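Reviewing the structure listed below.
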Amino acid sequence: MVTFRKTIVGISTLLAVLAAGCTVAATTEDIATPHVRVDSGELLGATRDEVAYFKGIPFAAPPVGRLRWRPPQPPHKWSGVRKATDYGADCMQVPFPSDAAPLGVAPAEDCLYLNVWRPAKADAGGKLPVLVWIYGGGFVNGGSSPTVYDGSAFAKDGIVFVSFNYRVARFGFFAHPALTAEQRPGPLANYGLMDQIAALKWVKQNIAAFGGDPRNVTICGESAGGISVHYLMTSHAADGFFQKAIVQSGTGRPGGGLGMRPLSGGAGSAEALGVAFAAKQGIQGQGPDALRRLRALPAEDVAKNLDMAHMDADGTYVGGPVFDGDIVAGDPGLLYAAGRGARVPLMVGATSADIGFAFMGVKSLDDLLAQFGPDAQRVRTAYRFNDNDNVMGDAFRVGGDQMMVEPARYVARTLSARGQPVYEFRFSYVAESMRKEWPGAPHASDIPFVFDTVAARYNPSLTARDAAVAKTIHQYWVAFVKTGIPEVAGQPHWPAYDAKSDVLMDFTNDGPVVGADPWKSRLDLVERFSNARQRTPAERH
């Protein structure tokens, strides 16, 4: 089975947990303090630099106790005015250091909160375009609180920006025969994806109160968030909740990071791994008592051994989304090829030094090239490999193409062939302070440029050039969110993808460059390698 099990982003030192849900009286608030009424009650936000923001808004009931491993339930209503100026807890996980997007609050199991940024002067019913962000983290880490995910820049550009939390690791993706018996015929196993859909439903029902247009919603995700976009694009449960989509380093080729375990049916099934996890906790059986004891486990015990540094040391985690035949109807790459999936405008791409581990076990350059059989010499030439190269660096380059870069092209080709507007990009810009350390743009390094939060990521070494590039890239995302076409006045025209011309937008150190993909020859070789190894979910188990 091929799953998205590793990533180069991590989680560093966490801050203290913030209050997320106290209620206050509205009688003494400043006249400029924004108030909004949503289905659950009234919210009191705050304003800074012409942006109004509301944080820690419950979009579902706390998934704790008897609601652990259940689909998200409607949020509880409150009386009075709820203060919404601090992030709610990010979802329960085991953080680890050196993250490109470190959490700003401590994680907890009570975590289903979202955040909204809007222009300060936006009015209810204002019909502003909406952007909904889905974080990455290998489906084991991540949250909405990192500083680089601040939505202020989008709000300043006339967009209502939404971020939210979804359950990760065993809280978000877990199966057990007792859960199957309890919840059939409803959706199973993919509670993290169910949270994402619940958040999108909340947006559709409530975003007009913030001035957003529920009929002009773009979803955008990076890494596991980008993979999530593919699942949402191909899930009936998300139909009608968005009108445009953006995938940043979200793979997309059949089996190439989107492969998932079956719910049941063998030793490798999600249910079998759930039983194995229960046994490690001293819980035997497959009936209601076993499920009761599983739900009573301390959250720390459910989370242990799972972060992006260790990725399931005891071998009992499903690895992410599960093929349940409901929320997840199949491998999105295969569904796209079969003509299924949302037919919405799409931006899709990867970074120039993206993540990939397919070849990391090789011992030599000859060993690496041998993986390509009769194409070995062509691969050597296309990548300009030399005998004195660092073989791990070579393997990572090819692995990044195999896992992220070529799959983005696969998605662009597949969806554009059916008449869908698709815009392919490559993010190659390296912050000036990192050019001696990074041979290209690493996984997730595009995020602060898209959000125009590079100051939070690179200060005090941020340069004027870095800041200017961030504003340009950010404007392309803004244009797409507003119109479905990434067209920016005074910048290069970004045409829709066409396989015949193979033109993409490359955000290089020299600025945005539009042209035929210079990596075509090497990606063609990777495509041939991937096609030869492509298998269906059933064949992978």
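Residues Ala238, Ala303, Ala299: which one is surrounded by fewer than 24 Cβ atoms within 10 Å (Cβ to Cβ), assigned by TED's automatic domain parsing to the domain that holds Val162 and within 16 Å of the chain's Cα centre (by Cα)?
Details: Ala303 fails: within 16 Å of the chain's Cα centre (by Cα); Ala299 fails: within 16 Å of the chain's Cα centre (by Cα).
Unique residue meeting the criteria: Ala238.
Here is a yes/no grid of residues against (1) of a type outside the set (A, V, I, L, M, F, W, C); (2) farther than 30 Å from Ala299 by Cα:
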residue: Ala181; (1), (2): no, no
residue: Arg184; (1), (2): yes, no
residue: Trp202; (1), (2): no, no
residue: Phe210; (1), (2): no, yes
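Among (1) within 26 Å of Val430 (Cβ to Cβ); (2) in contact (Cβ under 8 Å) with a residue 60 or more places away in the chain; (3) surrounded by fewer than 20 Cβ atoms within 10 Å (Cβ to Cβ), there is one condition Leu365 misses while meeting the rest; what is its number?
Leu365 satisfies every listed condition except (2).
Here is a list: Phe171, Phe154. Which entry is touching a His at 6+ places or on another chain (Cβ under 9 Å) and of a type in the set (Phe, Trp, Tyr)? Step through it out loud before you land on a result.
Numbers: Phe171 fails: touching a His at 6+ places or on another chain (Cβ under 9 Å).
Result of the check over Phe171, Phe154: Phe154.
If I ask for residues that are within 24 Å of the chain's Cα centre (by Cα), touching a residue at least 12 places away in the same chain (Cβ under 8 Å) and either crowded, with 18+ Cβ neighbours inside 10 Å or in a helix (DSSP H, G or I) (or both), which ones from the range 483-493 would you list?
Gly484, Pro486
With the condition being surrounded by fewer than 21 Cβ atoms within 10 Å (Cβ to Cβ), I'd like the helices (runs of 4 or more DSSP H) fully within the range 120-183 carrying at least 1 qualifying residues. Explain how you work it out, then say what you get.
Details: elements: 152-156, 169-172, 177-183.
The helices (runs of 4 or more DSSP H) meeting that bar are 152-156, 177-183.
Please go through the range 97-111 and give me each residue that is outside any strand (DSSP E or B) and either hydroxyl-bearing (Ser, Thr, Tyr) or crowded, with 18+ Cβ neighbours inside 10 Å (or both), ordered by number. Break it down stepwise before answering.
Within the range 97-111, the subset outside any strand (DSSP E or B) is 97-106, 109-111.
Scanning the range 97-111 gives Ser98, Asp99, Ala100, Ala101, Pro102, Leu103, Gly104, Val105, Glu109, Asp110, Cys111.
Scan the helices (runs of 4 or more DSSP H) fully inside the range 251-370 and keep the ones with 1 or more residues being at pLDDT 95 or above and of a type in the set (Ser, Thr, Tyr). Outline the logic, then answer.
On the way: elements: 270-280, 288-296, 299-303, 332-337, 365-370.
In the range 251-370, 332-337 are the helices (runs of 4 or more DSSP H) which contain 1 or more residues that are at pLDDT 95 or above and of a type in the set (Ser, Thr, Tyr).
Looking only at the range 241-250, filter to residues that are part of a loop (DSSP other than H, G, I, E, B) and of a type in the set (S, T, N, Q); which one of those is surrounded by the most Cβ atoms within 10 Å (Cβ to Cβ)?
Let us first name the residues in the range 241-250 that are part of a loop (DSSP other than H, G, I, E, B), namely 241-243, 249-250.
Narrowing further to those that are of a type in the set (S, T, N, Q): 243, 249.
Values: Gln243: 18, Ser249: 34.
Restricting to residues being part of a loop (DSSP other than H, G, I, E, B) and of a type in the set (S, T, N, Q), the top hit is Ser249.
Name the single residue, out of those in the range 494-527 being assigned to a helix (DSSP H, G or I) and in contact (Cβ under 8 Å) with a residue 40 or more places away in the chain, that is surrounded by the most Cβ atoms within 10 Å (Cβ to Cβ). I'd like the intermediate steps shown before the answer.
Keep residues of the range 494-527 that are assigned to a helix (DSSP H, G or I), which gives 520-527.
With the extra rule that they be in contact (Cβ under 8 Å) with a residue 40 or more places away in the chain, the set shrinks to 521-523, 525-527.
On the way: Ser521: 13, Arg522: 21, Leu523: 22, Leu525: 22, Val526: 29, Glu527: 19.
Checking each candidate, the answer is Val526.
The values are calculated or read from the model by the stated rules, or taken from the named source; none is laboratory data. Since this is a predicted model, take the numbers as computed values, not measurements. Heads up, the Cβs are rebuilt from the backbone with ideal geometry, glycines too, and the neighbour counts pull from every protein chain shown.
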